[in-house]
1. Would you calculate the volume per residue, in Å³, of the smallest convex hull containing every Cα atom of segment 156-311?
2. Using bins 10 angstrom wide from zero, how does P(r) for segment 242-297 break down, in % of all Cα pairs?
3. Pairs of Cα atoms under 8 Å, at least six residues apart: use those to get the relative contact order of segment 156-311, whole percent.
4. First select every other residue whose beta carbon is under 12 angstrom from the beta carbon of G105; then total the charges, Lys and Arg +1, Asp and Glu -1.
5. Once the convex hull of the alpha carbons of the chain is built, what does its volume come to per residue, in cubic angstrom?
6. Looking at the chain, send over the antiparallel percent of its DSSP beta bridges, to the nearest 5.
7. Could you check what % of the DSSP bridge pairs in segment 156-311 are antiparallel, to the nearest 5?
8. Given the options I201, I87, I273, state which has the largest fluctuation in a GNM of the chain using a 10 Å cut-off (strictly under) for Cα springs.
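All of the numbers you see were taken from the coordinates with simple rules; none came from a lab. None of the values given here were measured: they were computed from a predicted structure. Methodologically, a virtual Cβ is constructed for each residue, glycine included, from the backbone with ideal geometry; neighbour enumeration extends over all protein chains shown.
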Amino acid sequence: MKAKWFSLILSIILMFVFISGCSDSLENKDTDKYIQADLLVTTGFGGEVLYDKSVSTNAGTVLDFLEECTEVTTSSQGKFVESINNIGGKNTPQSSWFYYINGIGALKGADDLRLNNGDKVWWDFHTWDGIPMYNAVIGSYPEPFINGDNQGENQVFILCNEEYHDIATSLKSFINNQGNNDVQVKEITNEYLANRKGPTILIGLWDDVKGLEYINQLNDAQNRGGLNFWVDNNEFHFLDAKGNIKYSIADSCGVIAAYSEGMGTNQPLWLVIGSNLQGLNNVASLLEDPNLIAGQYGVGVVSASQEIIALPVETGAR
């Protein structure tokens, strides 16, 4: 796991250094070709929405697309997106703009990444001080399970035990209907979790998965992997971005969280986990309607109140 944490640190460095790279190799505009893409711009881990539209565009790169839809300032000779719609800049130390393509943290610079038809682009402004690197998010669902990082050649895996095949097959059908027919339902194995071949969804109860070494290591790391929840003695703790416990749930609940070892990889792991069957069914039902988790890094659901809690929990929550 130490190597994985090193990759997270390296990802941070790359994020700030390589906003621009080999952009000379990309045409800025293809005036004869229009595509459809979504742009979401938020602050505070999706807490405040500044821009949210599906746009017909001939932008060549992600940066072109952003500049077409919003007011952007850059620094370091255009290599760093400093502000969007007047948010950011030198007066906001220890906070920056981060962006995701189809739910995956982007490794390439925004002016070195071609915009493709159907892309869901999300920019979020948040602190980087004392928090994990978020390499995958759930708020662009049904991405990354349609295009992901492979644009139409996206093999998806759903892992579950036999008891939850009905939930898995229902989710498979939903993803099929969204445009990806290459979805496999498989039994859970620690080997596959550690060597994923594509975007993967793990479905189950905490009691079923806590014995897996891979899941144990993620849980033992608490918030360093950016899951924003931690389980201790079957009690679920919902965390803020700095890893502080904001909610502790001993009763029925569930979570949806995304994890990836590095940025720009097309093997993110989604955890759809319940403390019991009711908690699992509650969170799994959210995946039937993308709007219920749009613009979220992760979510928790408390069964008793049916409250959907955004993860990380916002500062100031109990």
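1. Values: hull volume 17.0 nm³, N = 156.
Dividing the Cα hull volume of segment 156-311 by its residue count gives 109 Å³.
2. The percentages, shortest bin first, are 20, 43, 33, 4.
3. On the way: 295 pairs, mean separation 31.1, N = 156.
Contact order relative to length: 20 percent.
4. Working: positive: K108; negative: D124, D149, E261.
So the surrounding residues net to -2.
5. Details: hull volume 39.8 nm³, N = 318.
Taking only Cα atoms, the chain has a hull volume of 125 Å³ per residue.
6. Details: 50 of 69 bridges.
Antiparallel bridges: around 70 percent, rounded to the nearest 5.
7. On the way: 23 of 36 bridges.
Here the share of antiparallel DSSP bridges comes out near 65 percent.
8. I87
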